[in-house]
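One structure is given below, encoded as structure tokens.
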Amino acid sequence: MDIKIAHWTSPSNIALIKYWGKLPNQIPANPSISFTLAHALTNMKVEVVKKQTQLKSISLDFFFEDQLNEKFKLKIEDFLKKQTERFVWLHDYHLTIHSFNTFPHSSGIASSASSMSALALCLCDLDEQLSAKKLSSYEFLSKASEVAREASGSASRSIFPFMASWGSYQEGTSNLWATPILKDSIHPNFHHFCDSIVIVDGAEKAVSSRAGHALMDSHPFKESRYQRARDNITKLKEVLSNGDLNTFMEIVEEEALTLHGLMMTSSPSVLLLKPESIEIIHLIRTFRNDSKVPVCFTIDAGPNIHILYPQSEKEKVHKWMGQYLNKFKILHDEVGNGPENFLTKANIHD
Ligand code: PMV
């Protein structure tokens, strides 16, 4: 029997400059930058077996945490149908997909970035196996990032270790796939960052990100927002090379609050922050002012608060969390090394 297997782990990421608003074909209306996380991972295995029939259709079983999952299957099937020009073999093979997340259900961590990047990596890996055509590491990762983007925009950034940017803000930057920000190119202050995610509400998002992005199409502030994001990227790049933690925290918090400000002023208005989210923001700012510890927050499209700080401050921040945030569940993550081929364990980023 003609069987091929691809098996990858791929992480979630947290945006520092937020992608919010898109053009057709999943092109971002503004550029974004993220930290790649270490512990919030999807572990996905895709097995393909040659079909006996000539019928040109997508044939797929999708298991999420060992259970057949029809809802996810339909989503993936839809996506795969759009990928048959790129991966022509999709019509000739039956796919069995097993997917696990290392982070708990209802943790408020969006799983689309980790799962869609893992799927993209598996598809590109299978494509190499079936075509026997080996790409360079750069070509492979750009292609995986492009495929991931087509599934879920922010997933394009999860392909790369440490930090990635996606979207045009200067000549030569790509909208179609993300590009890595190399550790060597940035200041040591940012080499080891932690992200402790305070779970205010673990329920599924009240507004899907597709609907959220669509709110920007007619947003009265959209042009100034897109310009601001481009300016913030330029400022953040400077900060990443000069190590200025204060300006880093200012930009990151402004981006998070802008995202929520845009949602609140959309039509219809969307308010995802909870009273506890605001309470935590105040606590972080008071702690920072009093202790001078460089700790700040960012927020995705939900009520949970990501607390960002250099690893060197971990002890102080954890002690403070133990005192002030002990009524919340907190997931401790940090910046990580990106996806891994589970079968070969090879470092694809060499
Ligand atoms: O990739 P999507 O369509 O789920 O959108 C992600 C949007 C934010 O998480 C709010 C921001 C970002 O850049 O990740």
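The values are calculated or read from the model by the stated rules, or taken from the named source; none is laboratory data. All values reported here derive from a predicted model rather than from experimental measurement. In this analysis, Cβ positions are derived from the backbone assuming ideal geometry, glycine residues included, and neighbour counts consider all displayed protein chains. Heavy atoms of the whole protein, side chains included, go into the accessibility calculation; ligands, DNA and RNA do not. Shrake-Rupley method; radii C 1.70, N 1.55, O 1.52, S 1.80 Å.
Just a few scattered comments:
- Each Lys and Arg adds +1 at its Cβ and each Asp and Glu adds -1 at its Cβ; summed about the Cα centre, the chain shows a dipole of about 300 debye.
- Axial C-alpha extent at least 27 Å, average Kyte-Doolittle at least 0.5 - helices from the chain (DSSP): 112-131, 245-264
- For the chain, the carbon plus sulfur part of the accessible surface works out to 52%, probe radius 1.4 Å.
- Ranked order, 63, 248 - accessible area, probe 1.4 Å, largest first: 63, 248
- Going by accessible surface with a 1.4 Å probe and the largest first, 219, 282 read 282, 219.
- Taking amide H as placed 1.01 Å from N in the peptide plane, residue 200 has its amide H under 5 Å from the amide H of 304, 305, each at least 5 places away in sequence or on another chain.
- Rg ratio (alpha-carbon, reference 2.2 N^0.38 Å) - the chain: 0.99
- Accessible heavy-atom area order of 138, 324, 19, highest first, probe of 1.4 Å: 138, 324, 19
- With all protein chains modelled, accessible area of residue 16 [1.4 Å, Å²]: 0 Å²
- Taking the range 182-206 and a reference point 7 angstrom along Cα→Cβ of residue 170, the backbone N atoms nearer than 15 Å belong to 182, 185-187.
- For the chain, built as a Gaussian network whose Cα springs stay under 10 Å, the top-fluctuating residue of 238, 279, 128: 279
- Low-density loop positions, trypsin sites (Lys or Arg not before Pro), the range 90-159 - DSSP coil, at most 14 other Cβ in 10 Å: 133, 134
- Here the relative contact order of the chain, from alpha carbon pairs under 8 Å that lie six or more residues apart, stands at 24 percent.
- For the range 25-116, the fraction of C-alpha pairs farther apart than 16 angstrom is 63 percent.
- Rounded to the nearest 10 square angstrom, residue 2 shows an accessible area of 60 square angstrom against a 1.4 Å probe.
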